[in-house]
1. Would it be correct to say that R94 is outside any helix (DSSP H, G or I) and of a type in the set (D, E, K, R)?
2. Among the residues of the range 34-83, what is the count of those that are among the small types (G, A, S), assigned to a helix (DSSP H, G or I) and either under 21 Å from Q99 (Cα atoms) or at pLDDT 95 or above (or both)?
3. Residues of the range 112-129 being surrounded by 15 or more Cβ atoms within 10 Å (Cβ to Cβ) and either acidic (D, E) or not in a helix (DSSP H, G or I) (or both), which ones?
4. If you scan the range 45-71, which residues turn out to be in contact (Cβ under 8 Å) with a residue 40 or more places away in the chain, within 15 Å of G134 (Cα to Cα) and of a type in the set (A, V, I, L, M, F, W, C)?
5. Do we find a residue being touching a residue at least 24 places away in the same chain (Cβ under 8 Å), over 20 Å from H116 (Cα atoms) and not hydrophobic (A, V, I, L, M, F, W, C) anywhere in the range 138-145?
6. Looking at the range 140-220, what helices (runs of 4 or more DSSP H) fall wholly within it and have at least 1 residues that are modelled with pLDDT of 95 or more and touching a His at 6+ places or on another chain (Cβ under 8 Å)?
7. Can you tell me which of I152, I178, I167, I109 is of a type outside the set (G, A, S) and in contact with an Asp or Glu (Cβ under 9 Å, 6 or more places away or on another chain)?
8. Suppose we keep only residues that are touching a residue at least 12 places away in the same chain (Cβ under 8 Å) and basic (K, R) within the range 160-211. Which one would you say is nearest to P9 (Cα to Cα)?
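The values are calculated or read from the model by the stated rules, or taken from the named source; none is laboratory data. Predicted model, so just to flag it, every value in this text is computed and none were measured. Note that each Cβ is placed from the backbone with ideal geometry, even for glycine, and that neighbours are counted across all protein chains shown.
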Amino acid sequence: MTSNAETSPAELYAALVPSAERLRRFAARVLVSLHAEVVVLREKYASSPVAGTIGAAAERFGRYAETARQAVQEGPERELDSLIADLRGRTGGRTHHEQLLSVHLNAAIVEDALRHLAAGHGEDAAAAVEPLLGWQEGHDLLRDALKALFEIDNRLDDRLAMWGRRIAGDQAVWARRIVGVEPGRHADEVREGADEIVEPYVAELFAQHSRRMNALELAA
């Protein structure tokens, strides 16, 4: 554990949380990954009644990804790519319906995390990251596709409710990894006082997850 006996709250935050520029790079790489995932879903749902909605979501996330590529200079980011792969691996889903819910919830938790962490660095950092966020239209399209699927199969919502509850814990573990808290470790083991930063952050992400599950009429 690293002691912060003479460390200010701002210094502690900066030691734990990636810089605004790194958060920008993370947003850009996440968007490229999300776009690729939605494109795969578009193919899987090509003959489904929700094909058009998922196709529109793929187009929307493609626009987000292109904006991000133009805004952020690309370069090797092995650590960030590893984080993205970890989230996908933890929440991948066994069926394309589970995969669709995972992409919807993962996109949302990543955006929430980036916005929360950038805001903690101050107004300038938040303003630097915000142009790469704002994915609501994409979220809405994925949610609309899920709701339409629930109307087609009235048992699907129960199955996906279980899946949504399952991945919530995996998402929380992943969210801690962004700020350097590896699985099985407590935040204060990383840095003294880190718990006061990490736990409110994770609690906010959990609350947002519950709201999204409720918006789908799934019990979180």
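1. On the way: outside any helix (DSSP H, G or I): yes; of a type in the set (D, E, K, R): yes.
So R94 fits the description; yes.
2. Of the residues in the range 34-83, 10 are among the small types (G, A, S), assigned to a helix (DSSP H, G or I) and either under 21 Å from Q99 (Cα atoms) or at pLDDT 95 or above (or both).
3. Residues of the range 112-129 surrounded by 15 or more Cβ atoms within 10 Å (Cβ to Cβ): 112-118, 120-121, 125-126, 128-129.
If the condition is that a residue be surrounded by 15 or more Cβ atoms within 10 Å (Cβ to Cβ) and either acidic (D, E) or not in a helix (DSSP H, G or I) (or both), then D112, H121 are the ones that fit.
4. Result: A57, F61, A68, A71.
5. Applying the first criterion (touching a residue at least 24 places away in the same chain (Cβ under 8 Å)) to the range 138-145 yields 138-139, 141-145.
Among the residues that remain, those that are also over 20 Å from H116 (Cα atoms) are: 141-145.
After this cut, where a residue has to be not hydrophobic (A, V, I, L, M, F, W, C) as well, the list is 143-144.
Yes, the conditions are met somewhere in the range 138-145.
6. Numbers: elements: 156-178, 187-190, 195-215.
Those helices (runs of 4 or more DSSP H) span 156-178, 195-215.
7. Values: I152 fails: in contact with an Asp or Glu (Cβ under 9 Å, 6 or more places away or on another chain); I178 fails: in contact with an Asp or Glu (Cβ under 9 Å, 6 or more places away or on another chain); I109 fails: in contact with an Asp or Glu (Cβ under 9 Å, 6 or more places away or on another chain).
Being of a type outside the set (G, A, S) and in contact with an Asp or Glu (Cβ under 9 Å, 6 or more places away or on another chain) holds for just one of I152, I178, I167, I109, which is I167.
8. For the range 160-211, the residue satisfying everything is R191.
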